[in-house]
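Student: My structure is below; once you've seen it, I'll send some questions.
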Amino acid sequence: MRLLVIEDECDLCEDIAKKLRLSGYEADTCVDGEAALELLAVEKYDLVLLDLMLPGLDGTALCRRIREQSRVPIIMLTAKGETADRVSGLEMGADDYIVKPFGVSEMLARVRTTLRRSDRLRLSQGSQKD
């Protein structure tokens, strides 16, 4: 499985990617919204971990742009933890929402769960075409 981590805090971005790689995933990183959009246009990812507060094209706008082009699962990673922020993130197209700071084990569990749901959806849609 190939994942994209979009996070403007370079150390955190690399740390997340490292944890994902140690768990058996391929993980690419990106530190701003515009570059992420360019990468998503040419590469295929199974899941995106997306920070909301990015320079330039912020995570909210980026999430909407991704949803215009793709059904790739998106997990938002953000310091914005109010109920209204979570609801807004989920309604704009995120599949899950993790508030910083978060534990690595929780993040990995949410990645696995989101990928599992995505796989089941793909399989059920494939069987409906027959």
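Student: Classify the stretch 25-87 as rounded, prolate or oblate from the Cα gyration tensor: take a ≥ b ≥ c as the square roots of its eigenvalues, call it rounded if a/c is under 1.5, otherwise prolate when a/b beats b/c and oblate if not.
Tutor: Cα axes put the stretch 25-87 in the prolate bin.
Student: Ok, one more. Helix-only estimate, please: 222 nm mean residue ellipticity of the chain, summing -39500 (n - 2.57) across DSSP H runs of length 4 or more and dividing by its residues, to the nearest 500.
Tutor: -17000 deg cm²/dmol
Student: Still on this structure: Checking the a/c ratio against 1.5 first, then a/b against b/c, what shape does the Cα gyration tensor give for the chain?
Tutor: rounded
Student: Something else about it: Under the rule of at least 5 residues apart or a separate chain, name every residue whose amide H is placed under 5 Å from the amide H of Leu77.
Tutor: Leu50, Asp51, Leu52, Ile98
Student: 5 Å is the cut-off here: which amide hydrogens, built 1.01 Å from N in the peptide plane, fall below it relative to Thr29, excluding neighbours closer than 5 in sequence?
Tutor: When sequence neighbours closer than 5 places are left aside, the close amide H contacts are Val5.
Student: Filter the chain for me: DSSP H helices, axial length by Cα at least 24 angstrom, mean Kyte-Doolittle hydropathy not below -1.0. List them by residue number.
Tutor: Sorted by number, the helices that extend far enough and score high enough are 104-128.
Bear in mind these aren't lab numbers, they're just calculated from the coordinates by the rules spelled out. As the structure is a computational prediction, the values presented were derived from the model and not from experiment.
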